[in-house]
Structures are given as structure tokens and as C-alpha cells.
Amino acid sequence: MRIIRLLLEFDGTDFHGWQHQPGLRTVQGVLTRALEAMTRESHLLRSSSRTDAGVHASAMPVMFKTGRDIPLEGVVRGLNGALPPDLAVREALEMPEGWDPRWNSVGKTYIYRIRTAPIPSAHDARFVWNLARSLDVSAMQTGAAHLLGTHDFSAFRAAECDSVSTERDMWAVDVKAFEDEVRVRVYANAFMRNMVRIIVGTLVEVGLGRFVPDAVADILASGDRTRAGRTVPSRGLCLKEVFFE
């Protein structure tokens, strides 16, 4: 059996996340139907992440096994010819036996976009959170620095998160201002459910002056989700890259 890695790009607005759910439109469900129609095989797709409803991806690795000898370029062309406009396969690569997109990943990068301009953008409406408030980016950067390193991130995960371990290694949290928006980039070995969205929500509280920057350290140490900021909307979040050894 061949192991094929696909790299997906999708607009998550009209998807109920990655994972298959009966009666709901999911990335896994749509891709599985297209793949099974092309190969005439049953497939169990594995991904590097379980994105939530509304979250986007620029380069999400997904794996499937096949006994067919379809050329890799044929896999890409065939799938893209059958997939809807909000889901695309960027590339297909053949991987060695035993490779797995989840267990072999060593890190991920997400970017969250916050529109600060008073007037919303129709072109970006599906991809940014329209806050329409100015933010103190310098204060947000100071607060973000407290998150770097290896910590227990219990305060920054959803109540329904089922991760056994809450320890994560945070390599970078960058906050940058652009003309009409602020972008937060997070880079870590792994993430828990809603972790990025809660981190961003906490940093926004700092940027609005509701939290002092050093409060981020206190929230982190407390392990108390109720002390952190809101879970910001999913539409501003995009999985940018997954890294492997």
C-alpha cells in the first residue's frame, strides 16, 4: 500500500471543522467522498489537526493509503477537479511506511487576524475578526512574551478539551500591526482545543487596556480558564504550516 500525503488549503467558513460528523459538511467528509470516487477504494483519512468549525488552513497535511498506482500529479488534478471551490489540494507526496501526519509533526504555526479599522472589509469578512477598535500592540507584545517556553496551558484551553497533557512548548508569539489590522502568530510544538483563540482573546484584553501585560503571567500560572480572555471568533484563525522532523 502506498502512503500519500496531501497538503490541503481551505476556507473553513462553510465547514463544520475537519472531523467527520454525520449530517454535517466537514473537510474530512468532502475530501473522503472525492477520494473514494477517484480511487474506488474505502479510505480513512488522518490529519495533523482537528480544526474547529470556521477555522481556515493554508497547508494542512492529510494522509491516506491506496493500492492504486495513480501518479501523484494525477491525484492532485483528479481531486481538485471534484472538490468544491472552498477546498483545494496543493500537492501530493509519497511517504515512507509508518509516517503519520499527527504523530510525526513537531510543531505548528497559526495566524490570527484582527481588523482594527472602523469600517469592515467585505473582501476579508470571512477571514478576519472585525473588532473595529484600536489596540496597543506594544502592550500585547509584552504580554505575549510571558507565554514563551514550556508551561502548563490549562488556563488557555476549552472546558471540553480532552487532551491528557496540558503542557506545551511555546516557541513564538508575535504580535504585529498592519495598516488596518493586527496579526498574532503563534508557533508551538502542539495546541489544545481553542488554545490559540483564547490566547488571542487574552492579548486583546491587554491591547484594549483591560488587562495589564503582566496579568498574562498570572493567568498562565493560575491554570484557571475563567481568568483568561474570551474565545475569539473562529473566522480569524488560519493554520499556516505544520512542521516535521
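Laboratory data are not the source of any read-out in this text; all were calculated from the coordinates shown. Only a predicted model underlies this, so the values are computations on that prediction, with no experimental measurement involved. When we count neighbours, we look across all protein chains shown, and the Cβ atoms used for this are built from the backbone with ideal geometry, even at glycine.
Tabulated data
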{"read-out": "Under 21 Å from the Cα of LYS176 - lysines, other chains or at least 8 residues apart", "value": "LYS108, LYS240"}
{"read-out": "Helix-only mean residue ellipticity at 222 nm for the chain, each DSSP H run of n ≥ 4 adding -39500 (n - 2.57), per residue, nearest 500", "value": "-6500 deg cm²/dmol"}
{"read-out": "Lys, Arg +1 and Asp, Glu -1 on Cβ, resulting dipole of the stretch 1-97 about Cα centre, debye, nearest 20", "value": "240 debye"}
{"read-out": "Distance between the stretch 9-49 and the stretch 169-206 - C-alpha centres, whole angstrom", "value": "27 Å"}
{"read-out": "Potential extension, ASP218-LEU148 segment - 0.36 nm per residue separation minus Cα distance", "value": "23.8 nm"}
{"read-out": "Förster-model FRET efficiency, 30 Å R0, ARG210 and CYS161, C-beta, rounded to 0.05", "value": "0.75"}
